[in-house]
Amino acid sequence: MSEPSSNPLWGGRFGAGPAAVMAEINASIGTDKRLWQQDLAGSRAHATMLGAQGIIPIADVDAILGGLAQIEAEYAADGVPEDIALEDIHMTVETRLRALIGPGAGRLHTARSRNDQVATDFRLWVRSACTEVDAALLAFIEALLARAEQHADTILPGFTHLQIAQPVTLGHHLMAYVEMALRDRSRFADAAARMNECPLGSAALAGTGFPVDRDATAAALGFARPTANSLDSVSDRDFALDYLSAAAMAGLHLSRLAEELIIWASQPYGFITLPDAWSTGSSIMPQKRNPDAAELVRAKSGLLLGNFQRLAVIMKGLPLAYSKDMQDDKPPVFEAHDTLGLCLTAMTGMVATIGFNTARMRAAAAAGFSTATDLADWLVREAGVPFREAHDITGRAVRAAEAAGTDLDGLSDADLAAIDPRITPAVRNVLSVEASVASRTSFGGTAPANVRAAIAAARVRL
């Protein structure tokens, strides 16, 4: 009579059990228990297919499906139990199923390996995560659109090098972030489309000799098709990297907006006031209103970038097919998903509720000779001056205004004519910040009419 196996998963190959440290490092149940719903869904699809193909008896299929339904109810009510001796969610489910229905539970793993099982579970989870992020991005975009519509005419200084460059509208500025978020949505949609193939039935790495119907299991799980190569099926984590790449880009965009809110909330700028809900005080300075939520979003974008690199480094040196390194594929994705959801929620709340100091913005926009380019353009358009010459004339006008302690609009008609006689009083039509933004009517420009058209177009795109 043979000795019983010391490990129910590894079977008779090993005579001695793993050391305690090995058990600890080998277990992933604390992490992959998040896949329990996907694991049950995959097992239901697999068992149903096995019965339909005549690979296992229908009576066993019925018992398996009944047991899986009971496990689902238990986990929904009480959570997933964690026993590191069972290593992961797959063995946790299978062990409970065996306790519920007996030896027939062992038929569930026919024509299936943990390799294709986890690849399927993880794809299902990440695909669902893409849908969740899309909904959060949509809410963020809607908040941006609402504020952009309120401030389509509000004057704001536009910056390059963090120096005042040209006046723009606040609505136009906010719409720049709408464009970024729309691209983020497209990245998650692209990632979801690419990952919409089902690895189930690839078994350990080489496929299976059982007459499985991979199209049936793919359809049952909502995939477009089964994966085409069994080696790639079990070793591919591109779908997780796609998700992390899209998350990193979204985090980058959120961080840029967070940085602007932090700058705008500072006293030298004073462009915005963050409400109490998105601010904190100081333990020693009672006057402080700190933009901590925005600062934390800015910080957490680094985590999103790091998690992409974390998984890429895990995958970069792995030969085909599966290696245990890939057990560590899920923590960076789970962490990134939780973090991105938190950041999107916080930024959506801030955008929806911040107060804009429009007078302060308008005053800042009028400073720094922000309409200088308008003067140069006017000389080109109205006086036929080559742009490089117009640039030089405008530079002399800026120098004169600076010496006089005024802005360009503060120079008299005689002052302007003395700089160049081709500058007539008609130039007043472009020297105010309102006239400047109103003139920027090229497609994608900052004119209020353009902003309203862009908002309407964005809502169509949504």
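Can you give me the solvent accessible area of TYR269 with a 1.4 Å probe, rounded to the nearest 10 Å²?
The accessible area of TYR269 comes to roughly 50 Å².
Taking the alpha-carbon centroid of each part, what is the distance from region 71-114 to region 343-374 in angstrom?
When both Cα centres are located, 55 Å separates them.
Of the beta bridges DSSP finds with both residues in the chain, what % are antiparallel, to the nearest 5?
80 percent
I'd like the accessible area for LYS324: 1.4 Å probe, protein heavy atoms, all chains in place, Å² to the nearest 10.
LYS324 exposes around 90 Å² with every protein chain in place.
Where the only charges are on Cβ atoms (+1 Lys, Arg; -1 Asp, Glu), what is the dipole of region 306-448 about its Cα centre, to the nearest 20 debye?
320 debye
In deg cm²/dmol, rounded to 500, what helix-only [θ] at 222 nm does the chain give when every DSSP H run of at least 4 residues adds -39500 (n - 2.57) and the total is split over its residues? Mind showing how you got there, number by number?
Details: 19 runs with 284 residues, N = 462.
When only DSSP H runs of four or more count, the value is -20000 deg cm²/dmol.
Which cross-chain or sequence-distant (5 or more) residues have an amide H under 5 Å from the amide H of CYS198, H modelled 1.01 Å from N in plane?
ARG225, THR227
Can you tell me the dipole magnitude for the chain around its Cα centre, using point charges on the Cβ only (Lys, Arg +1; Asp, Glu -1), in Debye to the nearest 20?
With Lys and Arg at +1 and Asp and Glu at -1, about 440 debye.
Please state the relative contact order of region 324-420 as a whole percent: Cα pairs under 8 Å, 6+ residues apart?
The normalised contact order for region 324-420 reaches 20 percent.
Relative to the first principal axis of the alpha-carbon coordinates of the chain, what is the inclination of helix 58-78, with its axis defined by its Cα atoms, in degrees from 0 to 90 and to the nearest 10?
Once rounded, one gets 50 degrees.
Give the accessible surface of the chain per residue, rounded to a whole number of Å², with probe radius 1.4 Å and ligands, DNA and RNA excluded.
Result: 46 Å² per residue.
In Å³ and rounded to a whole number, note down the convex hull volume per residue for the Cα atoms of region 20-110.
It comes to 87 Å³ per residue, whole-number rounded.
Which ³J(HN,Hα) values, rounded to whole Hz and listed in residue order, are derived for region 228-238 from phi using the Karplus coefficients 6.51, -1.76 and 1.60 in 6.51 cos²θ - 1.76 cosθ + 1.60 with θ = phi - 60°, glycine and proline given as x?
8, 9, 5, 5, 5, 4, 8, 10, 6, 10, 4
What's the FRET efficiency of ARG98 with LEU138 using the Cβ-Cβ distance as r and R₀ = 51 Å, to the nearest 0.05?
Calculated value: 0.70.
State, to one decimal in nm, how far the label point of ALA19 lies from the label point of LEU320, with both points 7 Å from Cα in the Cβ direction.
Distance between label points: 3.5 nm.
Apply the Kirkwood formula to region 367-461: the hydrodynamic radius equals the inverse of the mean of 1/r over all pairs of different alpha-carbon atoms; give it in Å with one decimal.
It is 14.2 Å.
With a point put 7 Å past each Cα toward its Cβ, work out how far ARG388 is from ASN429 in nm, to one decimal.
2.9 nm
Give the dimensionless ratio obtained when the Cα radius of gyration of the chain is divided by 2.2 N^0.38 Å.
That ratio works out to 1.36.
Dimensions of region 303-431 along principal axes (Cα, Å, largest first)?
Computed over region 303-431, the largest-to-smallest principal extents equal 80, 38, 25 Å.
Which whole-number percent is the relative contact order of the chain (Cα, under 8 Å, 6+ apart)?
Relative contact order comes out at 16 percent.
Angle, helix 372-383 long axis vs. longest principal axis of the chain, Cα atoms, 0 to 90°, nearest 10?
Relative to the chain, helix 372-383 is tipped by roughly 60 degrees.
Net charge within 14 Å of ALA364 by Cβ-Cβ distance, Lys/Arg positive one each and Asp/Glu negative one each, not counting ALA364 itself? Before the final figure, lay out the partial values.
Numbers: positive: ARG360, ARG362; negative: GLU260, ASP407.
The answer is 0.
Provide HIS109, HIS253 ordered by accessible surface of protein heavy atoms (probe 1.4 Å), highest first.
Descending accessible area places them as HIS109, HIS253.
Which whole-Hz ³J(HN,Hα) couplings does region 351-365 yield from phi under the Karplus relation 6.51 cos²θ - 1.76 cosθ + 1.60, θ = phi - 60°, glycine and proline marked x?
Computed from phi, the couplings for region 351-365 are 4, 5, 10, 5, x, 9, 8, 5, 5, 5, 5, 5, 5, 5, 5 Hz.
In degrees between 0 and 90, to the nearest 10, how far off the longest principal axis of the chain does helix 36-52 point, with axes built from Cα atoms?
Taking Cα atoms only, the helix is inclined about 50 degrees.
Provide the FRET efficiency to the nearest 0.05 for the ARG422-ALA363 pair, computing r from the beta carbons and using R0 = 25 Å.
According to the calculation, E is roughly 0.25.
Measuring from label point to label point, each 7 Å out along Cα→Cβ, what is the ASN229 to ASN196 span in nm?
2.3 nm
Which of ALA220, LEU86, ILE263 sits closest to the plus end of the dipole of the chain, meaning its Cα is farthest towards the positive end, when Lys and Arg get +1 and Asp and Glu get -1 on the C-beta?
ILE263
Which value, in debye to the nearest 20, describes the size of the charge dipole of region 29-109 about its Cα centre when Lys and Arg Cβ atoms bear +1, Asp and Glu Cβ atoms bear -1, and nothing else is charged? Mind showing how you got there, number by number?
Numbers: 6 positive and 12 negative charges, 48 e Å.
Roughly 240 debye for region 29-109.
The values are calculated or read from the model by the stated rules, or taken from the named source; none is laboratory data. All figures in this text were calculated on a predicted structure; none of them were measured in a lab. Cβ coordinates were reconstructed from backbone atoms using ideal geometry, including for glycine residues, and neighbour counts include every protein chain displayed. With ligands, DNA and RNA removed, areas are computed over all heavy atoms of the protein, side chains included. Shrake-Rupley method; radii C 1.70, N 1.55, O 1.52, S 1.80 Å.
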